[in-house]
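Q: Attaching a single structure in structure tokens format; questions to follow.
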Amino acid sequence: MKPTYSIVAPIYNEIENIQPLYDRIHQVMDPVDGHWELVAVNDGSTDGSREALHELYQRDPEHVRVVDFARNFGHQIAVSAGMDYACGDAVILIDADLQDPPELIPEMIDKWQDGYEVVFAVRARRKGESWLKVTLASLFYRVLYRITDVSIPLDTGDFRLMDRRVVDAVSSMPERHRFIRGMVSWVGFRQTGIEYERDERHSGETKYPLRKQLRLAWDGITGFSYFPLQLATWVGFLIAVLAALTIPVVVYLRAFTDAEPLKGQATTLVSVLFLGGVQLISLGIIGEYLGRIHSEVMRRPLYIVSETLGIDEVQAKEHG
Ligand code: UDP
Ligand code: MG
């Protein structure tokens, strides 16, 4: 039987990009042997993207699937929903802004047919993104690589092809704070990468301001590492040892010399403030993990769907 390919695209205010995205996917996928579907997850857009997707569905109900969220739930959740609703033998995650060229998909499919279950795209170069973003991202991936047990490949986004088994495995992971590229590495299977040059956004502004980027980075770190928690232990040890070494020195100076060590309030104040800062940071880190435990314990559904188009309800698996 011929394989089915699902292309999952999260959409948040991408009205200008929907038609070009569809056109390019159509062009790329038509010569490919097999059936394909575009699963567009509308993540609470406010710019008419929803209507544009409905129109697209009316024109091509054979290939277009639409999942409409009740509000904005965020990129990683939208991708997760797309994976839940996709029914392909292979699922391809792609950004809707055409920064990930659909022309790379046939190459991914080749690797998949060679037996790889995950084919991720490595960003060899990024065009049209700010120096700050590229530097921060590059630093983040390297820190993450060092402090986690899973080997998350450097400089990869969510642009990737996954075999059905990988999709099912990732979908069965119930966590709320999702860092999909990490989760895909975590499940294992045979994985390989292909390099590509990341294009500029086709149209519109980035939907990932620094605040959201940092949140995603934290989700990546807290989801796959306890290192920040252990940091408090190590800093604690370091300061305790330093203090223990200083005590006999201070006692000696006090008892046997005229020197007046640690004279004045400034010294006391600075050391108290320093320690207070370290303690607050440690508390904050515990708070980050605690907040995540809290949101897991509440067990709210991961997302709320208001409407679907072209989706067979029996096939659609509810998540959360
Ligand atoms: N996106 C989303 N929900 C959000 C933010 C972004 O579905 O809350 C989608 C967005 O429409 C795009 C993809 O996620 O298809 C990546 O976002 P963006 O291109 O803004 O990120 P960047 O490439 O700048 O990191
Ligand atoms: Mg983008």
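The values are calculated or read from the model by the stated rules, or taken from the named source; none is laboratory data. None of the values given here were measured: they were computed from a predicted structure. A quick note on method: Cβ atoms are made from the backbone with ideal geometry, for glycine too, and the neighbour counts reach across all protein chains shown.
Q: Which residue is farthest from residue 117 (Cα to Cα), if the candidates are limited to the range 149-175 and must be within 16 Å of ligand 2 (Cβ to nearest atom) and either in a loop (DSSP other than H, G, I, E, B) or of a type in the set (D, E, K, R) (or both)?
A: 155
Q: Give the range 210-257 a look and list any residue that's surrounded by 11 or more Cβ atoms within 10 Å (Cβ to Cβ) and either in contact with a strand residue (DSSP E or B) (Cβ under 9 Å, 6 or more places away or on another chain) or not in a helix (DSSP H, G or I) (or both), or say none.
A: 225, 226
Q: Can you tell me which residue among 63, 54, 35, 26 is of a type outside the set (Ser, Thr, Tyr) and crowded, with 19+ Cβ neighbours inside 10 Å?
A: Only one candidate passes the filter, namely 63.
Q: Still on this structure, please answer the following. Name the residues in the range 140-160 that are over 21 Å from residue 195 (Cβ atoms) and either among the acidic types (Asp, Glu) or surrounded by 18 or more Cβ atoms within 10 Å (Cβ to Cβ) (or both), would you?
A: 148, 149
Q: Filter the range 113-136 for residues that are of a type in the set (Asp, Glu) and exposed (fewer than 15 other Cβ atoms within 10 Å of the Cβ) and give the result.
A: 114
Q: Let me ask something additional. Being at positive phi and either more than 14 Å from ligand 1 (Cβ to nearest atom) or β-branched (Val, Ile, Thr) (or both) is the filter here; which residues of the range 178-211 pass it?
A: Listed by number, the residues that qualify are 188, 189.
Q: Next up: Which pairs have Cβ atoms under 7 Å, sit 6 or more apart or on different chains, and link a residue in the range 223-237 that is in contact (Cβ under 8 Å) with a residue 12 or more places away in the chain to one that is among the polar types (S, T, N, Q) and part of a loop (DSSP other than H, G, I, E, B)?
A: As it stands, the answer is 224/148; 225/148, since those pairs meet every condition given.
Q: Could you please tell me which pairs satisfy a Cβ distance under 7 Å, a separation of 6+ or placement on different chains, a first residue in the range 188-211 that is of a type in the set (S, T, N, Q), and a second residue that is within 14 Å of ligand 2 (Cβ to nearest atom)?
A: Within 7 Å, the pairs are 203/16; 203/17.
Q: Sticking with this one: Would you point out the residue of the range 32-55, among those that are among the polar types (S, T, N, Q) and touching a Phe, Trp or Tyr at 6+ places or on another chain (Cβ under 7 Å), that is nearest to ligand 2 (Cβ to nearest atom)?
A: 45
Q: If you go through the range 161-177 one residue at a time, do you hit one that is within 14 Å of ligand 1 (Cβ to nearest atom), under 23 Å from residue 3 (Cβ atoms) and crowded, with 16+ Cβ neighbours inside 10 Å?
A: No, there is no match, as no residue in the range 161-177 is within 14 Å of ligand 1 (Cβ to nearest atom), under 23 Å from residue 3 (Cβ atoms) and crowded, with 16+ Cβ neighbours inside 10 Å.
Q: Residues being among the charged types (D, E, K, R), in a helix (DSSP H, G or I) and in contact (Cβ under 8 Å) with a residue 12 or more places away in the chain: count how many of those fall in the range 22-56.
A: 2
Q: Check 5, 12 and return the single one that is within 16 Å of ligand 2 (Cβ to nearest atom), hydroxyl-bearing (Ser, Thr, Tyr) and on the phi < 0 side of the Ramachandran plot.
A: The conditions single out 12.
Q: Further question: Among (1) in a helix (DSSP H, G or I); (2) modelled with pLDDT of 85 or more, where does residue 193 come up short?
A: (1)
Q: Does the range 262-303 hold any residues that are in a loop (DSSP other than H, G, I, E, B) and either more than 20 Å from residue 172 (Cβ to Cβ) or among the aliphatic types (A, V, I, L, M) (or both), and which are they?
A: 262, 263, 264, 302
Q: If residue 157 satisfies every condition in (1) in contact with a strand residue (DSSP E or B) (Cβ under 7 Å, 6 or more places away or on another chain); (2) under 16 Å from residue 76 (Cα atoms); (3) at pLDDT 95 or above but one, which is the exception?
A: Looking at each condition in turn, residue 157 falls short on (3).
Q: Output the residue which, of all residues in the range 280-315 that are modelled with pLDDT under 90 and out of contact with any strand residue (DSSP E or B) (no Cβ under 7 Å at 6 or more places or on another chain), is nearest to residue 251 (Cα to Cα).
A: Selected residue: 315.
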